[in-house]
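Colleague: The following block contains the structure, expressed as structure tokens.
The values are calculated or read from the model by the stated rules, or taken from the named source; none is laboratory data. These figures come from a predicted structure and were not determined experimentally. Cβ: placed from backbone, ideal geometry, glycine included. Neighbour counts: every protein chain shown.
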Amino acid sequence: MKKIKKMLLLGCLLTPFVQSATSCSSYDLVVFNWGEYIDNNVIYAFEDKYGVSVKYLTFDSNESMMQKLSGGARYDVVFPSDYAVEEMASKGLIEELDYSKFEYYKGEEDLVDLLKDSIVELKNGGTCVGKDGNPTVSCTLDEFNQNQDKYSSYKEGFDMLKYAVPYTFGQTGILYNKNKVSLEELETLGYDVLKQEKNTDGTTRRVVVYDAGKDVFSMALLANGYDIQYEDTQGTAKASAWLEDLLDKKADNFAIKADELLDDVPNGKHDVAFTYSGDAIYVIDATTERDEDGNVTKQSDWDFYIPKAKEGAPSRTNIYCDAMVITKDCPNKDLAYKFVDFMSSHDASYLNTSYIGYTTARKDVYEEIISTDPNFECTHHDVEELDNYADLYDEGTFHKAGYFSHVPTYRLVDKYSDNVPDKFYRYDEAYKKKIEQLWTEIVLQN
């Protein structure tokens, strides 16, 4: 991915990065996003369209982003993940959106169905947190009040679209080398494939998991038939024991990594990984062989699999969404709305998703970019200013239908026939700290 043919001269045209927000006063808009998570040309086109300058800053985790935002630094538009949006809303740090200010973004109707369904469920579905061995389930407040012997607490739904415009989304699951791990094994064992000593070719299995305590614990809970976020002592204890067993079984052949996973997996250092579908797309694309014209000559040896939910489990996997929000103290809200709207347009969404590889939230772009129809035609283009940058891309890649048709993982896995939903992780400060502490203790003990 990132098929940019030419790079603009950094000293002249690239908006410089700074670490301190005190130097942001000369910029019209300050944007805070994940690193390597936007096509710079799209920012330049926005600056061209509105005659403004944008300061673009980056963070490496939702937690570090929250620390800086809470510390008083100025950020106008931020790209948090779903549970961080809920945290920011609960703390009064972000604006409720005024949809009348959007030109390109139409709201819920623009979203990929899988994402839309999960967002609707997040909004409408409350959660009863189980106790004494009872499962955590989606429920109403009346059901909680009538069954307080079974449930310890109730969480009402969260309307994410009230505060945020989805940017990209994905799911957690298993990235695996098809020469080392068979699909049959995955379908039979689910997440327990991570514990197997040998690969299908007889070699020792090398396992890596993404270093995110909340997601790793969600995997362990799912492996034991619980919800992705479970506060009952019994469920937490079983998940902890499962993770301890995983680390103990794999010993020297087990690794915990963050972004370096994206370099190590394609280079053959691991056979199977627990990670995000967006990272899987990157690995699959990076290990697909092409000729000099860009045509695929050999498909990747890697694929992505989401284990089916265990019988009786209320969720299948964690669905995540990175989104754009406008901060409460943003001094130029009209321009902030223009930026969020611009990045939600068809053309900007296409260029950003083809650049970073994470699945777009926008339905028409999603359908265009996964198309295998050689006669597929884009329905429309909506940002004229982006056409000025067409010659900076490899020939044929600017609005190319089927851009990721060779990466099946880009077509995110919809619900299996058992119809168990994917769920968003909910913001809960006490639970998050508890899980992070447990994960740290497990890692240190092993």
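Colleague: List pairs: first in segment 291-314 and more than 20 Å from Q171 (Cβ to Cβ), second at pLDDT 85 or above and of a type in the set (G, A, S), Cβ under 8 Å, 6+ apart or cross-chain?
Modeller: Partner pairs satisfying both residue conditions: E311/G225; G312/G225.
Colleague: Would you confirm, using the coordinates I've provided, whether T379 is at pLDDT below 95 and either closer than 19 Å to D113 by Cβ or of a type in the set (V, I, T) (or both)?
Modeller: When the stated conditions are applied, T379 passes them.
Colleague: Next up: Would you check if P331 is assigned to a loop (DSSP other than H, G, I, E, B) and under 25 Å from D422 (Cα atoms)?
Modeller: no
Colleague: Additional query: Just one of (1) under 30 Å from E121 (Cβ atoms); (2) surrounded by fewer than 16 Cβ atoms within 10 Å (Cβ to Cβ) trips up D279, so point out which.
Modeller: (2)
Colleague: Which members of segment 350-379 meet the condition of being in a loop (DSSP other than H, G, I, E, B) and of a type outside the set (V, I, T)?
Modeller: Residues satisfying the conditions are G357, Y358, A361, S371, D373, P374, N375, F376, E377, C378.
Colleague: Checking D382 against (1) assigned to a loop (DSSP other than H, G, I, E, B); (2) of a type in the set (D, E, K, R); (3) over 30 Å from L122 (Cβ atoms), which test does it fail?
Modeller: D382 satisfies all of (1) assigned to a loop (DSSP other than H, G, I, E, B); (2) of a type in the set (D, E, K, R); (3) over 30 Å from L122 (Cβ atoms) except (3).
Colleague: One residue is enough: does segment 296-303 have a residue meeting the conditions outside the structural domain of S81 (by TED's automatic domain parsing), surrounded by fewer than 21 Cβ atoms within 10 Å (Cβ to Cβ), more than 26 Å from Q445 (Cα to Cα) and touching a Phe, Trp or Tyr at 6+ places or on another chain (Cβ under 7 Å)?
Modeller: Among the residues of segment 296-303, at least one is outside the structural domain of S81 (by TED's automatic domain parsing), surrounded by fewer than 21 Cβ atoms within 10 Å (Cβ to Cβ), more than 26 Å from Q445 (Cα to Cα) and touching a Phe, Trp or Tyr at 6+ places or on another chain (Cβ under 7 Å), which makes the answer yes.
Colleague: Okay, moving on. For residues in segment 45-59 being in contact (Cβ under 8 Å) with a residue 40 or more places away in the chain and in contact with a strand residue (DSSP E or B) (Cβ under 8 Å, 6 or more places away or on another chain), which is nearest to V383 (Cα to Cα)?
Modeller: That would be F46.
Colleague: Which residue out of E436, E441, E385, E429 is surrounded by fewer than 19 Cβ atoms within 10 Å (Cβ to Cβ), in contact with a helix residue (DSSP H, G or I) (Cβ under 6 Å, 6 or more places away or on another chain) and assigned by TED's automatic domain parsing to the domain that holds L262?
Modeller: E436
Colleague: Kindly provide the set of residues from segment 108-136 that are part of a helix (DSSP H, G or I) and β-branched (V, I, T), ordered by number.
Modeller: Within segment 108-136, I119, V120 qualify.
Colleague: Give all pairs with beta carbons closer than 9 Å in which a residue from segment 359-387 that is among the aromatic types (F, W, Y) meets a residue that is assigned to a loop (DSSP other than H, G, I, E, B); count only pairs at least 6 apart in sequence or on separate chains.
Modeller: Y366/V112; Y366/R411; Y366/L412; F376/A401; F376/G402
Colleague: Something else: Which one of these does S138 not meet: (1) assigned by TED's automatic domain parsing to the domain that holds K308; (2) over 30 Å from N199 (Cβ atoms)?
Modeller: Condition not satisfied by S138: (1).
Colleague: Sticking with this structure for a sec: Residues that are crowded, with 21+ Cβ neighbours inside 10 Å and free of Cβ contacts under 8 Å to residues at least 40 places away in the same chain: does segment 114-129 have at least one?
Modeller: There is at least one residue in segment 114-129 that is crowded, with 21+ Cβ neighbours inside 10 Å and free of Cβ contacts under 8 Å to residues at least 40 places away in the same chain.
Colleague: Give the number of residues within segment 417-446 that are modelled with pLDDT of 90 or more, more than 22 Å from the chain's Cα centre (by Cα) and in a loop (DSSP other than H, G, I, E, B).
Modeller: 0
Colleague: Can you find a residue that is basic (K, R), at pLDDT 90 or above and either in contact with a Gly (Cβ under 7 Å, 6 or more places away or on another chain) or surrounded by fewer than 19 Cβ atoms within 10 Å (Cβ to Cβ) (or both) anywhere in segment 251-260?
Modeller: yes
Per-residue answers, yes or no, for (1) within 20 Å of the chain's Cα centre (by Cα); (2) crowded, with 18+ Cβ neighbours inside 10 Å:
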| residue | (1), (2) |
| --- | --- |
| E36 | yes, no |
| K49 | no, no |
| V54 | no, yes |
| T58 | yes, no |
| M66 | yes, yes |
| S70 | no, no |
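Colleague: Could you check how many residues of segment 224-266 are among the hydrophobic types (A, V, I, L, M, F, W, C) and more than 22 Å from T204 (Cα to Cα)?
Modeller: So the answer is 5.
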